[in-house]
């Protein structure tokens, strides 16, 4: 049933109308080729989609239809973002958790993993390892606890990450994926200079949500679904949204997530900065994680990525190392614009030799080190990017979207991507990466607009002369 709007911290809660979602799916089954073509003609203009249009694309199983969806998604992504692909690393600082989520290794009652909250010195060692690899962007993650001491620990951890300097290397932007916070806490996170706040609803289906969240604060569906309202009220205007595909029917989840996005756009004038698309993977101590309730096939997963790119063309789509290198590579052309690389999902997993992958939050599908990922990405014709320029120049929230929606953001993204890629090649790249990367930079220059090319050539000169962190 449709739920009444509720208030949390004076925030109007988004309404997830399950009946409307089911009706929309049912009424748009068996679409004609003419209807698909009509929708894709609109989508090609990067104007986004209506729920009925999303449901129509979801419904098609025709190979010709699906190929048209994929082709259009690729064109839209390159119109908005060009050929750059942003890279980051997750940094787990704690797996202490008071929630009981049936699909997660960090759940409170799981005794099969090593529990640890890193000290600030241990966090510093982890960051040093990542900086020495060439990383510039981190996603800081913790298990979900809700004591004040936990939030203070988070703030201290962010400060520690930013304090690490290794020659010319440093982390320039910390995004966070932590327990839903209050408006006041989000103000403190904003003051701590976080980039994007990320939180997954996991599933928007109320009955499923209740069935898989068996204890802890996370059982409160409304507190979680209202987190982005509180974040934006607290000044954090870059937020990242997502579900865990496999808990419920992916068709429902896409339309529910779109309802949530529409709520944010209606209330704040801006939707999410990123959408993550994790599929459930095995996790130590979780039978559910190994046997998803609603498994998502590779074919459907590709459709999910492509449809999301068409539905919200201006939003970054994140692909984690849950997926295999082959699947990750395939989805670059379908809409993915950000990826993690060289990931570990257990606290201390980068610098410690005592912990094992079994202590991670979930199993990984892509184990390649950063340099190998960069070589592969560049070989495919993309520019690996560690850019954080928008954050430093205040191009966040609505200001970012004003450039992203008409496709103008790539006039900044392309030069900044080349800048950070060239930094990586000079300071950290293997000989093979340098050879591949330098050729790809020259190729990228030929495909830029005149304005972007001039900017990029000026930046290249500065980076080659020894300057770092050059952006426009």
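Which ones in region 27-86 are assigned to a loop (DSSP other than H, G, I, E, B) and buried (at least 18 other Cβ atoms within 10 Å of the Cβ)? It would help to see each step written out before you state the result.
Taking region 27-86 first, the residues assigned to a loop (DSSP other than H, G, I, E, B) are 28-32, 44-50, 60-62, 82-83.
Scanning region 27-86 gives 28, 31, 46, 48, 49, 60, 82, 83.
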Closer than 15 Å to residue 463 by Cα, modelled with pLDDT of 75 or more and not in a helix (DSSP H, G or I): is that true of residue 381 in this structure?
no
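Going by the structure shown, is residue 84 touching a strand residue (DSSP E or B) at 6+ places or on another chain (Cβ under 9 Å) and closer than 30 Å to residue 265 by Cα?
When the stated conditions are applied, residue 84 passes them.
Can we say residue 308 is at pLDDT 90 or above and closer than 27 Å to residue 431 by Cβ? Break it down into steps so the answer makes sense when it comes.
Numbers: at pLDDT 90 or above: yes; closer than 27 Å to residue 431 by Cβ: no.
Here the answer is no, as residue 308 does not meet what is asked.
Per-residue answers, yes or no, for (1) in a helix (DSSP H, G or I); (2) at pLDDT 75 or above:
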residue: 377; (1), (2): yes, yes
residue: 387; (1), (2): no, yes
residue: 398; (1), (2): yes, no
residue: 419; (1), (2): yes, yes
residue: 423; (1), (2): yes, yes
residue: 451; (1), (2): yes, yes
Would it be correct to say that residue 296 is touching a strand residue (DSSP E or B) at 6+ places or on another chain (Cβ under 6 Å) and surrounded by fewer than 21 Cβ atoms within 10 Å (Cβ to Cβ)?
yes
Hits in region 114-143 - residues which are part of a loop (DSSP other than H, G, I, E, B) and either out of contact with any strand residue (DSSP E or B) (no Cβ under 9 Å at 6 or more places or on another chain) or over 17 Å from residue 427 (Cα atoms) (or both):
114, 115, 116, 118, 119, 143
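I'm trying to understand the selection: among the residues of region 173-197, which are surrounded by 21 or more Cβ atoms within 10 Å (Cβ to Cβ) and within 20 Å of residue 389 (Cβ to Cβ)?
Our first condition is that a residue be surrounded by 21 or more Cβ atoms within 10 Å (Cβ to Cβ); within region 173-197, this holds for 173-176, 178-181, 186, 189, 194-197.
Matches in region 173-197: 173, 174, 175, 176, 194, 195, 196, 197.
Of 121, 95, 110, which residue is touching a residue at least 24 places away in the same chain (Cβ under 8 Å) and surrounded by fewer than 23 Cβ atoms within 10 Å (Cβ to Cβ)?
Numbers: 121 fails: touching a residue at least 24 places away in the same chain (Cβ under 8 Å); 95 fails: surrounded by fewer than 23 Cβ atoms within 10 Å (Cβ to Cβ).
That would be 110, the only listed residue that is touching a residue at least 24 places away in the same chain (Cβ under 8 Å) and surrounded by fewer than 23 Cβ atoms within 10 Å (Cβ to Cβ).
The values are calculated or read from the model by the stated rules, or taken from the named source; none is laboratory data. Not measured: the values here are computed from a predicted model. Because the Cβ atoms are built from the backbone with ideal geometry, glycine has one as well, and the counts that use them run over all protein chains shown.
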